[in-house]
1. Assuming Leu74 fulfils every condition listed in (1) in a helix (DSSP H, G or I); (2) of a type outside the set (Asp, Glu); (3) surrounded by fewer than 23 Cβ atoms within 10 Å (Cβ to Cβ) apart from one, which condition is it?
2. Filter segment 1-40 down to the residues that are β-branched (Val, Ile, Thr) and within 24 Å of Val169 (Cβ to Cβ) and list them by number.
3. Sort out which residues of segment 126-183 are small (Gly, Ala, Ser) and farther than 19 Å from Lys194 by Cα, and write them in order of number.
4. Given the residues Ile173, Ile161, which is the only one that is surrounded by fewer than 17 Cβ atoms within 10 Å (Cβ to Cβ) and over 15 Å from Val336 (Cα atoms)?
5. Which residues, counting only those in segment 199-213, are of a type outside the set (Lys, Arg) and under 15 Å from Met332 (Cβ atoms)?
6. Only one residue in Glu306, Glu317, Glu372 is touching a residue at least 40 places away in the same chain (Cβ under 8 Å) and not basic (Lys, Arg). Which one?
7. Filter segment 168-200 for residues that are within 19 Å of the chain's Cα centre (by Cα), assigned to a helix (DSSP H, G or I) and more than 19 Å from Tyr362 (Cα to Cα) and give the result.
8. Kindly check whether there is at least one residue in segment 76-88 that is touching a residue at least 12 places away in the same chain (Cβ under 8 Å) and under 30 Å from Asp271 (Cα atoms).
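The values are calculated or read from the model by the stated rules, or taken from the named source; none is laboratory data. In this text the structure is predicted, and so the values were computed from the model without any measurement. With ideal geometry, Cβ positions are generated from the backbone for all residues, glycine too; neighbour counts draw on all protein chains shown.
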Amino acid sequence: MMKTDRLIKDSVHGDFSLNDFEVRIMDYPQIQRLRRIKQLGFTSLIYPGANHSRFEHSIGTMYLGSKLADHLKLSEYNKRLVRIASMLHDVGHGPFSHASEPILDVKHEELSVRVIKKTSLNDILTEEFDTKEIIDIINGKGELGPIVSGELDVDRMDYLIRDSHYTGVAYGIIDIDRIISNLKLKHYLILDKKGIQAAESALVARYQMYPSVYQHHTTRIINSMFRRCLKEIINQKLIKTKNLYSYDDIDIISLCRNSEGFIKDIITRLDNRNLLKILDSIRLNEFANPQDIFKIKEKTLRKCEEEISEDLKINKEHIIINIPEYPKFSEMKTQVAFGDKLFNLSDISSIVGALKDARFNYPDICLYGPKEEKDKFKKFKLENYMDLPEKPQNKFNTLHTDQLRLFD
């Protein structure tokens, strides 16, 4: 029987107990830093309530990991292992969470592994665990990996319902209990056919949360501005990228406010919500193969930006071409058990199958720039500067730049 020493009251899941060892881990600086990193980065500029932290999400993931481990009837050791891995899965996240990740050119999971292996956390973890086992779970490896990092994992379950709760957007509400009660572990997580509707709902929720929250058009503008600012910070060697996991949101904001030039300009714009605007856009569903857009290299985009700035005589640092970040929706490959046979969720669910194409309905390639320069873009066509795949194929491309401007 696990001794409980501290009770945490989570705003989403309710009461959750931690044992003495888990409390010691939680009180380490590497975990406490997550209190000062917003789960959704700058999204509070769009949804004022979205001020929840990576710390809260880590506790919520731990709660669900424990709940799923209990349902799967894991051994006591494996239950404790899943709980700790769930708590630590985001320990390497940089400031403002995913807003900073593309600049690092390294996934936060890799940074989490670095924190676990290279910091004082390793000393305490090895008192009770083999840290390689924790790292494998965080990376989705082994039999227990899919619980924390898989297709229907507890990380995803928590952030969907938590982000929905704090933004006030209703799309992320999913039936977690139904999903968990219909999962079983046979080398990997398998969903019983009774859980299909709950899994469909979770996938639809994630699909809807992207245009509504994660890739909301204003969120994309803000993240693009911040990343351009962070890139300049790194270019000026004001911070080291390999140590970014040691900084929090406050560190980066303070550094920016005490800088000069472009860095100071961008953070002042963000502080006062004086954002760049959408000056042109191209919908992804106009292309025959929209997935090809995601293959466009960063250096290609930068070259296009330079050409636009030269032609229109605008500071190139204030011209940003942004390609949306949309996931592959790996949940579509979730294995569903019908008796002794296994099927992919996308093969047996028409709803999930339809999302394969529907995921390209919302995203677009956008050009951002200062609103005071918008008159220069009246006859501008972004596609004239980009070497894009064939188009158009879809006749339902009705929402364009002029309509999006109404929401800015």
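1. Of (1) in a helix (DSSP H, G or I); (2) of a type outside the set (Asp, Glu); (3) surrounded by fewer than 23 Cβ atoms within 10 Å (Cβ to Cβ), only one is false for Leu74: (1).
2. Taking segment 1-40 as the starting set, the residues that turn out to be β-branched (Val, Ile, Thr) are 4, 8, 12, 23, 25, 31, 37.
Across segment 1-40, the qualifying residues are Val12, Ile37.
3. First, the residues of segment 126-183 that are small (Gly, Ala, Ser): 140, 142, 145, 149-150, 164, 168, 170, 172, 181.
Matches in segment 126-183: Gly140, Gly142, Gly145, Ser149, Gly150, Ser164, Gly168, Ala170, Gly172.
4. Values: Ile161 fails: surrounded by fewer than 17 Cβ atoms within 10 Å (Cβ to Cβ).
Every option except Ile173 fails the conditions.
5. Quick first cut of segment 199-213, residues of a type outside the set (Lys, Arg) only: 199-205, 207-213.
Ala199, Glu200, Ser201, Ala202, Leu203, Val204, Ala205, Tyr207, Tyr210 - these are the residues of segment 199-213 that are of a type outside the set (Lys, Arg) and under 15 Å from Met332 (Cβ atoms).
6. Values: Glu306 fails: touching a residue at least 40 places away in the same chain (Cβ under 8 Å); Glu372 fails: touching a residue at least 40 places away in the same chain (Cβ under 8 Å).
So the residue among Glu306, Glu317, Glu372 that is touching a residue at least 40 places away in the same chain (Cβ under 8 Å) and not basic (Lys, Arg) is Glu317.
7. Kept after step one, since they are within 19 Å of the chain's Cα centre (by Cα), are these residues of segment 168-200: 168-174.
Remaining after also requiring assigned to a helix (DSSP H, G or I): 170-172.
Passing the criteria: none in range.
8. So the first thing to find is which residues in segment 76-88 are touching a residue at least 12 places away in the same chain (Cβ under 8 Å), and the list is 76, 78-88.
Subsequent filtering for residues that are under 30 Å from Asp271 (Cα atoms) retains none.
Checked segment 76-88: no residue is touching a residue at least 12 places away in the same chain (Cβ under 8 Å) and under 30 Å from Asp271 (Cα atoms).
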